[in-house]
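To keep things clear, I will list the structure first and then write my remarks on it.
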Amino acid sequence: MRFAARRSLPVAPLAVLIATAALTWGCSNKDIGTYPGKNILVISVDTLRADHLGAYGYSRVTSPAIDALSKRAITFEGAFAPRGSTWPSLATMLTSLSPATHNVRENGQYMAADTPTIAGMLVKAGYEAEAFVSGSICHLTQRIAAFGKTTCGDDAFVASKASDFLRSRKGQPFFAWLHLIAPHGPYDPPPAHDVFTKADYNGPVGRDQATLGELIRSQRPLTDADRAQLYGLYDGEIRFADAQIALVLQALEEQGLRGNTIIAFLADHGEELGDHNGYLYHACSVYDSVLRIPMMIALPDAAAAGMRFSQIVQTADLAPTLLAMVGVESLPTFEGRSLLPGLNGRDHASAQDPDFEPSVASEWYDATQRNTVQTLRTPRWRYVSNPYGITPRCPPKGDYFKVAREELYDHAADPLDLHNVAAGHPDLTRRFAKIVEAPHAASAKAMMQPLDKNLEEELRSFGYVE
């Protein structure tokens, strides 16, 4: 075991084209080799649904810079996060460990100081590592000693500082991480990017946390106008984040580093936006709306440019893949795997039983009960195991996010996980239930740790606690 279609809205015209969207990069069909000593730039975006990007089929022009990068990159169509929560998911990105292993199960928890990270491994290999992060994840990043410097602030500030860092580079290879938070709720895009909403809308979808929280608690169904406004606000935030990414990629280009840098792009998780239980956010979710993420890797020599990789992969695979690409050996304790053999057609995982292999696991964790809701995703199925009858609770408070004790969704016919067909497939569910026994048991044995009380107000401002 290893760790969607959506209603589209009309395309709105963009007044200004992002500069990097016009960049043209050459393509190559040669095998992917290794790139010893090449720079690595990781760009992550908080709360970003894959199916709201043009590169994943969305009709609106929300992401010209990301879409241009996709044409130059390998785009992973079936990438999944370990949890719909920022700190656990990004800790997995850095460590190639599941939340139950690195023990960052909630926002506001920390890894042990000696937990190996991709940053530390690259520093030992002669790299310089710096982080430029927006949001509360800054506090976790600052505890990772391998980052020689961590710059924190809002999206525009950290993107500007990351651009300055790239323009200053000479000689020593670098590992740089940029994390942007714009699409995280509440959704209130800057005016220049607020191009998808209607000025005369007067419904319940607001731009502040209190209004959106009340909408969730009310369980009021969204009308078409409500949903259009919700998507418009969210898409405007994506458009703003994309503009910051464009500036960073432009700096890389101006400094002449494009041919010496591997670029990885991904999200920590997605967003429900009302798909299940009237819930707009992410932390409660065990479904594709939140757990499916965009992920791309663009290589210095444009090898495999434009490739669409359909095999199931996970956040934990990113670190071993990037290390393999620069010739640094992964740790045997990693729970992810290098995707390099599969990208070169030498991985036979896709030839296994498509009902069960490959599979990736995600969880929802209840710190008060030491129990989890476990969920598996295979190429065809999503299985949800909730034997303890947990109702996931996340801000805003309420018992609205109901999860059955067992759920099964057939993605061939139901890409949004809306129709539970567990009763009609007893043989499948028995086999899936057997597979998730181990992660349920691992969760029960994991050491519990408290949230950092010093961050309580900041976590509350992001809607992480109430």
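Work out from phi, with θ = phi - 60° and the Karplus expression 6.51 cos²θ - 1.76 cosθ + 1.60, the ³J(HN,Hα) of each residue of the range 428-433, listed in order in whole Hz, and give x for Gly and Pro.
These are the phi-based 3J(HN,Hα) values: 4, 5, 4, 5, 5, 4 Hz.
Please list 3J(HN,Hα) in residue order for the range 72-80, calculated via the Karplus relation 6.51 cos²θ - 1.76 cosθ + 1.60 where θ = phi - 60°; whole Hz, with x for glycine and proline.
9, 10, 8, 10, 8, 7, x, 9, 9
Just to be sure I understand: if I project the alpha-carbon convex hull of the range 279-333 onto a plane and average over all orientations, what area do I get in nm²?
Spelled out: convex hull of the Cα atoms, projected over all directions, averaged, 5.8 nm².
Quick one: order Ser89, Ser359 by neighbouring beta-carbon count within 10 Å, fewest to most.
The fewest-first ordering by Cβ neighbours comes to Ser359, Ser89.
Place a +1 charge on the Cβ of each Lys and Arg in the chain and a -1 charge on the Cβ of each Asp and Glu, then give the dipole magnitude about the Cα centre in debye, rounded to the nearest 20.
660
Evaluate 2.2 N^0.38 Å with N set to the residue count of the range 116-270, then give the Cα radius of gyration divided by it.
Normalised Rg, Cα atoms only: 1.25.
Please give every one of the lysines within straight-line cross-link reach of Lys161, meaning a C-alpha to C-alpha distance under 17 Å, and leave out same-chain neighbours fewer than 8 residues apart.
Qualifying lysines at Cα under 17 Å: Lys149, Lys170.
Amide H of Ala305: which non-local residues (sequence gap of 5 or more, or other chain) have their own amide H closer than 5 Å, using H built in the peptide plane?
Placed amide hydrogens put Ser28 under 5 Å from Ala305.
Return the Rg/Rh ratio of the range 226-342 with Cα-based radii and a Kirkwood Rh.
1.03
Considering the zone a paramagnetic label at Ala438 would reach in this model (a point 7 Å from Cα along the Cα-to-Cβ line), which residues of the range 81-98 have amide N under 16 Å from it?
Residues 97-98 qualify, since their backbone N sits under 16 Å from the label point.
In bins 5 Å wide, starting from 0, what share of all Cα pairs of the range 360-461 does each bin hold, as a percent?
Spelled out bin by bin, the range 360-461 gives 2, 11, 19, 21, 17, 13, 8, 5, 2, 0 percent.
Using label points projected 7 Å from each Cα along Cα→Cβ, tell me how many nm separate Thr223 and Gln142, to one decimal.
If labels sit at Thr223 and Gln142, their model points lie 4.6 nm apart.
For the chain, build the convex hull from the C-alpha positions and give me its volume per residue in Å³.
In the chain, the Cα hull volume divided by residue count equals 133 Å³.
Taking the Cα centre as origin and putting +1 on Lys and Arg beta-carbons and -1 on Asp and Glu beta-carbons, what dipole magnitude results for the range 94-250, to the nearest 20 debye?
540
Determine which lysines satisfy two conditions relative to Lys397: a Cα distance under 24 Å, and not lying fewer than 8 residues away in the same chain.
Partners found: Lys453.
For Asp452 and Ala423 in one chain, what is 0.36 nm times their gap in residues minus the Cα-Cα distance, to one decimal in nm?
Here the answer is 6.2 nm.
Values quoted throughout were computed directly from the atomic coordinates according to the rules given, and no laboratory measurement underlies them. Just so it is clear, the structure is predicted and the values come from calculations on it, not from any experiment. Every residue, glycine as well, gets a Cβ built from its backbone with ideal geometry; the counts of neighbours run over all protein chains shown.
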